[in-house]
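Report on one structure; see the data block that follows.
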Amino acid sequence: MSQSPSILTDRFQRSHSYLRISITERCNFRCTYCMPAAGIPLSPKNHIMTYEEVFLVAQKFVALGVTKIRITGGEPLVRKDVALILEKLATLPVELSITTNGVLIDKYIETFKACGIQKINVSIDSLDEQKFNTITRRNDFKKVMENIRLFVKDDFFKIKLNCVLMKGFNEDEIPAFIQLTKDLNINVRFIEFMPFDGNKWNLDQLVSHQQVLDKATQFFGNSLVGKIEDAPNDTSKNYRINNYQGSFAIISTVTNPFCDSCNRIRLTANGKLKNCLFSNGETDLLTALRNGESIETAIRVAINSKRKMRGGMDTQQQFTSDELRNQNRSMTAIGG
């Protein structure tokens, strides 16, 4: 019997069945918590995986035990051959999903359906047009909202809205986001602001898991806010307002990390494997692939070297250290 699936099990007996593949470092937004206004230095084009290379690496991971692949960026839909990438990946026996800022998704409805992509995460951090434009440094609020409504109307798709909370900016919108779930069968996910290179993170900007719950219970009433069951390996804690169609969730990487049940690994657009979002260590799979070498050994080493918690930053002091944070990439270069 093949022992290959065990390659994706680390020292702490966490089995990694979920691969997030970034297909581009480029983005058509400039979200303040993600990258500087001027953008970031991009990898040379010939350092970025081709669609054939994306497929070959994904194929290897599926053979090793990956059952779910999420396509990310940057903004994945700005890549010209994204449809071809999705079509190739759809031939693999995996659940295929995508994270996007939503501004281009209307152009890919039929592609998503043909590829069986039902789960779409749309990043949107404000329901106020002026705030949205401020945080994205773009004026696409109406288009994004129009596209969200378009996809929610189609029963084929399961939509999640990702909202990064920042104190003093958008935490007052928590009730409004939850209110969307009254008549829409969507999941709104509140994400704690996380430290990455170039995003000027500060602990004072954090809106914690408990603060989100407090906002919800103060607005809707304690008796109406109910905990619902979380999926296995879920990064979020899920809740529902009584009699609402949809639900909301909190992803608390900073105040309540979920590393014990982590089953995720990330592949950057330039072919580097990251065994943790917060690890500054990367394993170069693309060079080995282009040299005709097996990438299996490199994958094994990367998985086996995964630290128990947040890339080895076990304490809050380490996790919030400017020095350690700046040793990692910006979020857009890692892949959301």
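List the number of the failed condition for THR253; all other conditions in (1) of a type outside the set (Gly, Ala, Ser); (2) within 14 Å of the chain's Cα centre (by Cα); (3) at pLDDT 90 or above hold.
Checking THR253 against (1) of a type outside the set (Gly, Ala, Ser); (2) within 14 Å of the chain's Cα centre (by Cα); (3) at pLDDT 90 or above, the one that fails is (3).
Using the structure shown, decide if THR297 is outside any loop (DSSP other than H, G, I, E, B) and closer than 21 Å to LEU64 by Cα.
Yes, satisfied.
Please go through the stretch 167-188 and pick out each residue that is farther than 14 Å from LEU127 by Cβ and without any contact (Cβ under 8 Å) to a residue 60 or more places away in the chain.
Scanning the stretch 167-188 gives LYS167, GLY168.
In the stretch 271-282, which residues are over 16 Å from the mean Cα position of the chain (by Cα) and either open to solvent by 20 Å² or more (accessible area, probe 1.4 Å) or without any contact (Cβ under 8 Å) to a residue 12 or more places away in the chain (or both)?
Within the stretch 271-282, LYS272, ASN280, GLY281, GLU282 meet the criteria.
Mind checking whether some residue in the stretch 140-150 is without any contact (Cβ under 8 Å) to a residue 40 or more places away in the chain and within 30 Å of THR50 (Cβ to Cβ)?
no
If you go through the stretch 254-264 one residue at a time, how many are under 23 Å from THR217 (Cα atoms) and open to solvent by 10 Å² or more (accessible area, probe 1.4 Å)?
Within the stretch 254-264, residues that are under 23 Å from THR217 (Cα atoms) and open to solvent by 10 Å² or more (accessible area, probe 1.4 Å) number 3.
Could you tell me which residue of the stretch 205-232 is nearest to LEU165 (Cα to Cα), considering only residues that are of a type in the set (D, E, K, R) and part of a loop (DSSP other than H, G, I, E, B)?
ASP230
From the list VAL103, VAL122, VAL164, which residue is open to solvent by less than 70 Å² (accessible area, probe 1.4 Å), in contact (Cβ under 8 Å) with a residue 60 or more places away in the chain and in a strand (DSSP E or B)?
VAL164
Just wondering, is there one or more residues in the stretch 12-23 that are over 26 Å from GLY292 (Cα atoms), touching a residue at least 40 places away in the same chain (Cβ under 8 Å) and in contact with a Leu (Cβ under 7 Å, 6 or more places away or on another chain)?
yes
In the stretch 27-41, which residue that is open to solvent by 30 Å² or more (accessible area, probe 1.4 Å) and without any contact (Cβ under 8 Å) to a residue 60 or more places away in the chain is nearest to ASN139 (Cα to Cα)?
ALA38
Of the residues LEU184, LEU150, which single one is hydrophobic (A, V, I, L, M, F, W, C), outside any strand (DSSP E or B), under 26 Å from LEU104 (Cα atoms) and open to solvent by 70 Å² or more (accessible area, probe 1.4 Å)?
LEU150
Within the stretch 63-100, how many residues turn out to be under 12 Å from CYS27 (Cα atoms) and either open to solvent by 30 Å² or more (accessible area, probe 1.4 Å) or not in a helix (DSSP H, G or I) (or both)?
Result for the stretch 63-100: 7.
The values are calculated or read from the model by the stated rules, or taken from the named source; none is laboratory data. Everything quoted here is computed from the prediction, not taken from an experiment. So basically every Cβ, Gly included, is an ideal-geometry build from the backbone, and we count neighbours across all protein chains shown. The accessibility values were calculated without ligands, DNA or RNA, using every heavy atom of the protein model including side chains. Shrake-Rupley method; radii C 1.70, N 1.55, O 1.52, S 1.80 Å.
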